[in-house]
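Novice: Provided herewith is a single structure, encoded as structure tokens, for subsequent inquiry.
The values are calculated or read from the model by the stated rules, or taken from the named source; none is laboratory data. The structure presented is a predicted model; accordingly, all values stated were derived computationally and were not measured. Because the Cβ atoms are built from the backbone with ideal geometry, glycine has one as well, and the counts that use them run over all protein chains shown. Please note that ligands, DNA and RNA were not included when accessible areas were found on the heavy atoms of the full protein model with its side chains. Shrake-Rupley method; radii C 1.70, N 1.55, O 1.52, S 1.80 Å.
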Amino acid sequence: MDSLTLFSTAAIVLAGGLYWFICILGSAEQKGKRAVDLSGGSISKEKVQDNYNQYWSFFRRPKEIEKVEKVPEFVDTFYNLVTDIYEWGWGQSFHFSPAIPGKSHREATRIHEEMAVDLLNVGPGKRILDAGCGVGGPMRAIAAHSGANVVGITINEYQVKRTRAHNKKAGLDGLCEVVCGNFLEMPFEDNSFDGAYSIEATCHAPKLEEVYGEIYRVLKPGALYVSYEWVTTELYRGDDAEHREVIQGIERGDALPGLRCYSDISAVAKKVGFEIVQERDLAKPPSQPWWTRLKMGRIAYWRNHILVTILAFIGIAPKGVVDVHEMLFVTADYLTRGGESGIFTPMHMILCRKPE
């Protein structure tokens, strides 16, 4: 074989390998975002690294996080940095769900979302709120399952654009609507929703009573609200150094101003006026572990991290994306440790009613 033929063969093999690595292995679980399209959301490409550094500066000045006026900027920066990576590697629903034997992760996620709207007992013609909707994965599953009109709110403008594109592609833009805004000060009238839900979203609020109070305000009397909350459990010990390390790792890697104790949730709901209908940890047995999906993704992480590094090196992906991807992997380890030890759950469910 002459050198030209050898070179041509090698080039074809290399090109085929890169295509397979990027377009096949590098695709999202739910193929809506490709590796070559990774970005910093609304952040310009050349400023992604600076914004990543800014994100970590919040933790170097912890009192800044505690200030209500600083938290929206903090959370918005985080979701600009992570939204594309979440979609690429996880799918359109940015939350966990209990594993179900014989069901795929996507099926288990859909069932977990449908349960939320089943608890609300709403159907066609009703208007419900998704407080902290992300890119609208739960919104679309809930609208398709119930036939209700769903209005989502997210603080991140880039997520609004992604949600609208996904809604249109799914043929659900007639049932699903999204607005950009802060769920601590929502642009909705009093008593205007027939139900509301939040799935692993209110953990970003600096004070839970502020978001619960807003949801209470916009609900019609007699309407139900269900939330899946990130909390520390009864097994958490604040004087245990390892426990503190795990919880702080989760907070830093997921833009949380501070995780709450499970016992705080119902107290806050009652404080703003809700009646408690039901409360339980959906992660407890007989539910199967929610964190196994993270453990099974370690090989995929290293594959993806190599890919992100290559794409950043050749200028296709912003340089800061490499640091963001590494941060999320480290956080996944803390989440796994929190789940295995039982000191943390992302699905403490509370169902509330606004009194008649």
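Novice: Put +1 on the Cβ of each Lys and Arg and -1 on the Cβ of each Asp and Glu in the chain; which of G273, V135, Y236 then has its Cα farthest toward the positive end of the dipole?
Specialist: Working it through, the farthest residue towards the positive pole turns out to be V135.
Novice: Leaving ligands and nucleic acids out of the surface, order F313, F94 by accessible area at 1.4 Å, largest first.
Specialist: Numbers: F313 180, F94 45 Å².
If we order F313, F94 from most to least accessible, we get F313, F94.
Novice: Restricting things to Cα coordinates, could you compute the convex hull volume per residue of the stretch 121-239 in Å³?
Specialist: Values: hull volume 14.6 nm³, N = 119.
It comes to 122 Å³ per residue, whole-number rounded.
Novice: In whole Å, what is the distance between the alpha-carbon centres of the stretch 102-175 and the stretch 199-250?
Specialist: The stretch 102-175 and the stretch 199-250 have Cα centres separated by 21 Å.
Novice: Something else: Calculate, in nm to one decimal, what E209 and E340 gain on full extension: separation in residues at 0.36 nm each, minus their alpha carbon distance. Before the final figure, lay out each step's value.
Specialist: Values: separation 131, 0.36 × 131 = 47.16 nm, distance 2.94 nm.
Answer, rounded to one decimal: 44.2 nm.
Novice: Next question, about the same structure. Can you tell me the mean projection area, over all orientations, of the convex hull of the chain's alpha carbons? Units nm², please.
Specialist: With every direction weighted equally, the projected area is 20.0 nm².
Novice: Past the 31 Å Cα-Cα mark, which pairs from K70/K295; K70/K319; K168/K295; K103/K354; K161/K270; K169/K207? Don't skip to the end; give the middle numbers.
Specialist: Working: K70/K295 33 Å; K70/K319 26 Å; K168/K295 33 Å; K103/K354 35 Å; K161/K270 35 Å; K169/K207 36 Å.
Exceeds cut-off: K70/K295; K168/K295; K103/K354; K161/K270; K169/K207.
Novice: Turning to a different aspect of this structure: Using helices alone, what [θ] at 222 nm do you get for the chain, with -39,500 (n - 2.57) per DSSP H run of 4 or more residues, divided over all residues and rounded to the nearest 500?
Specialist: Details: 13 runs with 171 residues, N = 356.
Using -39500 (n - 2.57) per qualifying helix, the result is -15500 deg cm²/dmol.
Novice: Of I215, Q288, L175, which is farthest along the charge dipole of the chain in the positive direction, counting Lys and Arg as +1 and Asp and Glu as -1 at C-beta?
Specialist: So the residue furthest toward the plus end is L175.
Novice: Can I ask one more? So, for the chain, what is the accessible surface per residue at a probe of 1.4 Å, expressed in square angstrom? Working shown, then result.
Specialist: Working: 16060 Å² over 356 residues.
Accessible area per residue: 45 Å².
Novice: If contacts are Cα pairs under 8 angstrom and at least 6 residues apart, what is the relative contact order of the chain in percent? Walk me through the numbers before you get to the answer.
Specialist: Details: 631 pairs, mean separation 72.1, N = 356.
With pairs under 8 Å counted, the relative contact order is 20 percent.
Novice: With every protein chain present, what accessible area does E46 have (1.4 Å probe, heavy atoms only), rounded to the nearest 10 Å²?
Specialist: Looks like 140 Å² after rounding.
Novice: Now a separate question. Given a 1.4 Å probe and every protein chain left where it sits, what share in percent of the accessible area of the chain is carbon and sulfur? If you can, show how the numbers build up before the last one.
Specialist: Numbers: 8850 of 16060 Å².
Answer for the chain is 55 percent, counting heavy atoms of protein chains only.
Novice: How large is the Kirkwood hydrodynamic radius of the stretch 155-215, counting all unique pairs of alpha carbons, in Å?
Specialist: Working: mean 1/r = 0.0763 Å⁻¹.
Computed over Cα pairs of the stretch 155-215, the Kirkwood hydrodynamic radius comes out at 13.1 Å.
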